[in-house]
Every structure is written in structure tokens, then in C-alpha cells.
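In what follows, a single structure is set out as C-alpha cells and then discussed.
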Amino acid sequence: MYLASASRYRDMEYRRCGRSGIKLPALSLGLWHNFGHVDVLDTGRGLIRQAFDAGITHFDLANNYGPPPGSAEENFGRILRQDLAQHRDELMISSKAGYTMWDGPYGDWGSKKYLVSSLDQSLKRMGLDYVDIFYHHRPDPDTPLEETMSALHLLVQQGKALYVGLSNYRPEEARKAFAILKELGTPCLIHQPKYSMFERWVEDGLLDLLQDEGVGCIPFSPLAQGLLTNKYLKDIPADSRAAKEHGFLKVDDITAEVREKLVKLNDIAKERGQSLAQMALAWLLKDGRVTSVLIGASRAEQLKDSLGCLENTIFSLSELEAIHDILG
Ligand SMILES: NC(=O)c1ccc[n+]([C@@H]2O[C@H](COP(=O)([O-])OP(=O)(O)OC[C@H]3O[C@@H](n4cnc5c(N)ncnc54)[C@H](OP(=O)(O)O)[C@@H]3O)[C@@H](O)[C@H]2O)c1
């Protein structure tokens, strides 16, 4: 039987999510990879326990996480029932809809039909009455924004989600969506963009917008799917995401130019007394506009390593300049 650590809230930092009542842990755990039916359930179960014991209260899912799609929610539901049922009120659980989930015209994008039925399916898979955050996963160029935002608002009114979020929305479309949600009476809690040392588009307007609007920010793929760690410095380990057939990181992404940057960044990390992963996470957390950093992990040692980033999230000006020069 699992007994949660009594000291689980001792070392984690909790940051306020925009101008809401919610605080999120500085690190949250995502279940995009490593929790599907293709993965070993006990490894995932161990990671969830380890995360919760370290004060990670936020677990991020989506309808399509697996593979196969839906299986991460099924597995998470199983783990919740087995280990965390009595801790439900200590958890922030999110899900999303927006990418292809089922065949036909109603299993994708941003219609009310898709969002409402998808969340019903997610709740069944996880065995939950409600999710804490429900996201529209990506903007839909063809569905009126009013319809998608009204669907999010409806789900909150129905008690199936407590808060709503947007993911992958660029500043201009996010601004419009925030205004509609505010008007409806369901302000957007949080935005989930891709943001790492290697992907910095959010610095060009989105972070400022989120601060002005009082919306939280939870960057995903903060390690660029594992690139910003020491594992690809020399070769491509057989058990890494890049080597896996179903992984979204491709061998071709690891170019000589990328490796050269990684080696230089790794030298700075060493000088700071951190692993490269720790420095990459700390580099995001140095910005007060970032509420929580949404990490993934395939094994316990990685989660332990990543949690170590919290010991030093301060950068000197010369470190920041050196990193900036490397990133280009
Ligand atoms: N909203 C969206 O559109 C969207 C899209 C993508 C992701 N997300 C969310 O963001 C979460 C995180 O994304 P991500 O998995 O790409 O994040 P990430 O933290 O950039 O990459 C995680 C992967 O890096 C490796 N890793 C992690 N920590 C390590 C460490 N300390 N040392 C060495 N290797 C380490 C592991 O890969 P190996 O398999 O190589 O061990 C792990 O699975 C997802 O689970 C999901 O919740 C959202």
C-alpha cells in the first residue's frame, strides 16, 4: 500500500497562477509520453508517487496521450484509484481536447460537439467527476472562437471542469479568446505554450500578454523533449525518446549544430553545479511570469534530477549573456 510522504509540502515552491486563487508547484508532471499502454504501468505508477511525495500536485493529461490515444488517461485513472484516491482534493488534474481523437468530423479541432463529448470520455477514462483544468489544445482556424470558448464556459457551468486553459494559442488569438471568456464569466486560468531554451517564441509578446491579463503560464517540453539534458551529448541512447518509434523527438533533430550548443550549455551548467536538465528548467523558472514548468520523465532518476533544479533558479548577468550567445 502507498502512504504519501508526510513531508511532501516541505521543499516544493508554489506559485500563484496569474491573478487566480490557485497556486501550482514550480514543477508539474505531464503524461504525454511514458504512461501509455505501450509503457510499463509500474514505472508510471512509481513516477506519480515520487512526484506527489516531492510536492508535485499538478498532473497534466490530454485525451490523446498514450499511445494508443486515451491510454494515458486510463492508466492515470487506475493509479489514482490505487494510490491517490484519498488525496483527490490535493491534486490539480488537467486534460485537453483539440487534436485528432476519433474518426469522422466530430473528433478533432474546436467544435462544441467535440469538446463536450471529449471531456465526457476523459472523465470516464480517469474515473473522475471533474477535471481541475480543461484546455483547448490548439487553435482551430475554422470554428468561430465564440463557439470554442462557449463550450469551455459550458463545461465549467456543468461542473465538469473547475477552470479552463488554452494551449498553443499565439498572442493575438489568445487575446481575443481571453476577452470572450472574460465576457462569459469564465476567465482563462492558464496558457500552456511550448517554451524552452531552444524554443523562445513566447518571449515575443505572449508572456507580457499573460502578465497583463492575469493568466498563468505553464511551459511544456521545457527540456525540448530531452535534448536539453546530457543524454545526447555523444550518441543516441537506445532507451531514449529519440530512439523510440512512437516518440515525437526524431534522430534528425539531433544535428551537429544542436550538439555543439548542448556541449557549451553543459559547460555552463557544470560551472553552476547543475546538470544541464536542471539548468534548462531553472532558466525558465527565473522568470516570475512562469507559474509552473511542465516536465516529463521516463524514470525515477530523471525526476529526481529535474527536481534538483529548485535549489538554484538564480542566474548572474554574465551567465545569462553567455547562454544567450550560445542560443543565438
Ligand atoms: N499542450 C501541448 O500541445 C503539449 C505538447 C507536448 C507536451 N505537453 C505537455 O508537457 C509535458 C512535458 O513534455 P515533454 O515530455 O516533451 O517534456 P520534457 O521535459 O521536455 O522532456 C521529457 C523527456 O526528457 C527526458 N528527460 C526528462 N528529464 C530528464 C533528466 N533529468 N535527464 C535526462 N533526461 C530527461 C525523458 O525522455 P527519455 O524518454 O529520452 O528518457 C523525458 O520523457 C507532457 O507530458 C505534456 O503534459 C503539452
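Those residues that are assigned to a loop (DSSP other than H, G, I, E, B) and within 11 Å of the ligand (Cβ to nearest atom), I need them from the range 265-291; list them, please.
Within the range 265-291, Gln274, Ser275 qualify.
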| Before we move on, is Thr313 near the ligand (Cβ under 7 Å from one of its atoms) and β-branched (Val, Ile, Thr)? | no
| Only one residue in Arg8, Arg15, Arg88, Arg81 is in a strand (DSSP E or B) and more than 16 Å from the ligand (Cβ to nearest atom). Which one? | Arg15
| query | Can you tell me how many residues in the range 84-120 are of a type outside the set (D, E, K, R) and closer than 30 Å to Asp53 by Cβ? | reply | 10
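Please determine, by comparing only the residues of the range 186-201 that are in a strand (DSSP E or B) and farther than 21 Å from Leu154 by Cβ, which one is farthest from the ligand (Cβ to nearest atom).
Here is the first cut: in the range 186-201, the residues in a strand (DSSP E or B) are 188-192, 194, 196, 199.
Right, trim to farther than 21 Å from Leu154 by Cβ and you get 194, 196, 199.
On the way: Lys194: 6, Ser196: 7, Glu199: 10 Å.
Looking at residues that are in a strand (DSSP E or B) and farther than 21 Å from Leu154 by Cβ, I get Glu199.
Condition (residue is in a loop (DSSP other than H, G, I, E, B), out of contact with any Gly (no Cβ under 7 Å at 6 or more places or on another chain) and more than 16 Å from the ligand (Cβ to nearest atom)) applied to the range 159-178: is it met by at least one residue? Steps first, please.
Within the range 159-178, the subset in a loop (DSSP other than H, G, I, E, B) is 159-160, 168-170.
Going one step further and asking which of them are out of contact with any Gly (no Cβ under 7 Å at 6 or more places or on another chain), we end up with 159-160, 168-170.
From what is left, the residues that are more than 16 Å from the ligand (Cβ to nearest atom) are 159-160.
Yes; the residues of the range 159-178 include at least one that is in a loop (DSSP other than H, G, I, E, B), out of contact with any Gly (no Cβ under 7 Å at 6 or more places or on another chain) and more than 16 Å from the ligand (Cβ to nearest atom).
Yes/no per residue for (1) among the aromatic types (Phe, Trp, Tyr); (2) away from the ligand (no atom under 14 Å from the Cβ); (3) at pLDDT 95 or above; (4) at negative phi:
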{"residue": "Ile93", "(1), (2), (3), (4)": "no, no, yes, yes"}
{"residue": "Lys96", "(1), (2), (3), (4)": "no, no, yes, yes"}
{"residue": "Trp102", "(1), (2), (3), (4)": "yes, yes, yes, yes"}
{"residue": "Ser111", "(1), (2), (3), (4)": "no, yes, yes, yes"}
{"residue": "Val116", "(1), (2), (3), (4)": "no, yes, yes, yes"}
{"residue": "Asp120", "(1), (2), (3), (4)": "no, yes, yes, yes"}
{"residue": "Lys124", "(1), (2), (3), (4)": "no, yes, yes, yes"}
{"residue": "Ile133", "(1), (2), (3), (4)": "no, no, yes, yes"}
| query | Could you list, in sequence order, the residues of the range 18-36 that are within 25 Å of Glu311 (Cβ to Cβ) and either outside any loop (DSSP other than H, G, I, E, B) or within 11 Å of the ligand (Cβ to nearest atom) (or both)? | reply | Lys23, Leu24, Pro25, Leu27, Ser28, Leu29, Gly30, Asn34
| Boolean, Ala224 is surrounded by fewer than 22 Cβ atoms within 10 Å (Cβ to Cβ) and not β-branched (Val, Ile, Thr) | yes
| query | What residue, of Glu301, Glu260, is surrounded by fewer than 20 Cβ atoms within 10 Å (Cβ to Cβ), in a helix (DSSP H, G or I) and within 12 Å of the ligand (Cβ to nearest atom)? | reply | Glu301
| How many residues are near the ligand (Cβ under 7 Å from one of its atoms) and of a type in the set (Gly, Ala, Ser) when one looks only at the range 206-236? | 3
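The values are calculated or read from the model by the stated rules, or taken from the named source; none is laboratory data. All values derive from a computational prediction rather than experimental measurement. As a convention, Cβ positions derive from the backbone with ideal geometry for all residues, glycine included, and neighbour counts pool all protein chains shown.
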